[in-house]
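Scroll down for the structure; my scribbles are underneath it.
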Amino acid sequence: MKTHHTQIKVYPVSWDKNVKSNLKKTWEIQYKFFCPEYPQGYPVRIKGMNRAKSLEEKQFITKHLISIEQENLRKGFNPITRDFEIQTEFVTEFTPFIEALNIAFEKTKLVKSTIKSIKDTIKLVSEASMNIGISTKPIAEIKKKDVRIILDYLLTKGYSNDRYNKVKTYLGILFNYFVDLDIFEHNFLHFIKKRPHTPKIRTIFRKDDKEKFMELKLINYKLWRILTMYYCSQTRITEFRNIKLSDVHFDKQYFIIFERKGKRYHEVIKPINIHVSKLWKEVLSEAEKDDVYLFCNDLIPGIQPCTEWSLSNKYRRWVKGKLDIAADMGSLRHTFANDITTSYGLEEAQKALGHTNQKTTRIYAVDYKEQLLEKQKHLKIGM
């Protein structure tokens, strides 16, 4: 929608002069607003200064009202609808804060797993910024303190430190878009400190769960096979279900996945664990072409990879339902991390899982502290 307006005028004309008789007159700010619905111009009149008791106060209020109206018009304010109307195809320095976040979301390339998280973040930030009163503030005027106030507002509403940190992280992704547009010189969200957070202890398969899980081999062999291979794969389920026959080098005992780190995918080599190599060989023997995926929805090689929904549905039905195992499918990866740490230590587990920080490995090493404490009880010392 193309709009424009005439020059703002004030009556009486001598309103800014020291003419005492003007105090008793009715003042009025006037201009015409042109838009497709009003090609001849929609007359706008503002009289908010007439309540003033003195000439000086009347002049001050008038200047202030003119300044506000000019600024609002510059930001896309429509005096007819009383709304801010902007082009939603791109962000300018005048785009209102929440509108800018939504545009950045549409323009930023995101992985599927991040899309929902950023949508939830925008929803929370919208709620907070509306209560704080900055939802329509131009994006270029948003400061570090504004974001910090939003984050603190979430804490007052009962959200955890973990949620605080995640909102900060996902907002930072959107603000990178504004940096690319030169709206900001740098992403100041990086300078907002994270809140201390103790990760929840990961759910893993315990001894009785593992014994129950072995029953799956008898009642649904194909599901048992893929889950057992996944447990030893040192990968995420999204990466594992997308493995193609051409990614597997069985003679050299490794396979290739494409792991996302930051904004890019990296080719990563993973070992074929010797304890499940027979299962790998079995699956490979069922493949008829080189370009097929190892697991389709029937959990055998096929043209299309198994969907997460299909695999999750099977897991809920057979593992959670039939075997009465509470742990989720992702817990198999956590269980492997815990088992490796228990048997070989944190350093080896960190290498196997591809963690850049040992703190991450500790999150999954559920039994590590207990095992370490037990070892410390039996340290030999000489006195």
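A compact table of results
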| read-out | value |
| --- | --- |
| Among residues of region 346-365, those that are farther than 18 Å from CYS232 by Cβ and either open to solvent by less than 40 Å² (accessible area, probe 1.4 Å) or modelled with pLDDT under 70 (or both), counted | 8 |
| Any chance ASN165 is more than 30 Å from ILE68 (Cβ to Cβ) and within 17 Å of the chain's Cα centre (by Cα) | yes |
| Failed condition for LYS145, given (1) surrounded by 12 or more Cβ atoms within 10 Å (Cβ to Cβ); (2) under 23 Å from the mean Cα position of the chain (by Cα); (3) free of Cβ contacts under 8 Å to residues at least 60 places away in the same chain; (4) not in a loop (DSSP other than H, G, I, E, B) | (1) |
| Whichever residue in region 279-325 is more than 27 Å from the chain's Cα centre (by Cα) and at pLDDT below 90 and, among such residues, is least open to solvent (accessible area, probe 1.4 Å) | ALA287 |
| Of all residues in region 11-34 being in a loop (DSSP other than H, G, I, E, B) and closer than 20 Å to GLU69 by Cβ, the one that is least open to solvent (accessible area, probe 1.4 Å) | TRP27 |
| Single match in GLU215, GLU211 (criterion: free of Cβ contacts under 8 Å to residues at least 40 places away in the same chain, closer than 30 Å to LEU294 by Cα and over 16 Å from the mean Cα position of the chain (by Cα)) | GLU211 |
| Residues of region 76-118 that turn out to be of a type outside the set (A, V, I, L, M, F, W, C) and loosely packed, with under 14 Cβ neighbours inside 10 Å, as a count | 11 |
| Pair list, Cβ under 7 Å, 6 or more apart: region 124-135 residue assigned to a helix (DSSP H, G or I), other residue surrounded by fewer than 17 Cβ atoms within 10 Å (Cβ to Cβ) and of a type in the set (A, V, I, L, M) | ILE132/ILE149 |
| Members of region 149-200 found to be of a type in the set (Val, Ile, Thr), under 25 Å from GLU106 (Cβ atoms) and surrounded by fewer than 17 Cβ atoms within 10 Å (Cβ to Cβ), listed by number | THR169, VAL179 |
| Output for region 151-210, where each listed residue is at pLDDT below 90 and of a type in the set (Lys, Arg) | LYS200, ARG202, ARG206, LYS207 |
| GLU56 being under 30 Å from GLU89 (Cβ atoms) and either part of a loop (DSSP other than H, G, I, E, B) or charged (D, E, K, R) (or both) | no |
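The values are calculated or read from the model by the stated rules, or taken from the named source; none is laboratory data. These figures come from a predicted structure and were not determined experimentally. Methodologically, a virtual Cβ is constructed for each residue, glycine included, from the backbone with ideal geometry; neighbour enumeration extends over all protein chains shown. All accessible areas refer to the heavy atoms of the entire protein, side chains included, with ligands and DNA or RNA removed. Shrake-Rupley method; radii C 1.70, N 1.55, O 1.52, S 1.80 Å.
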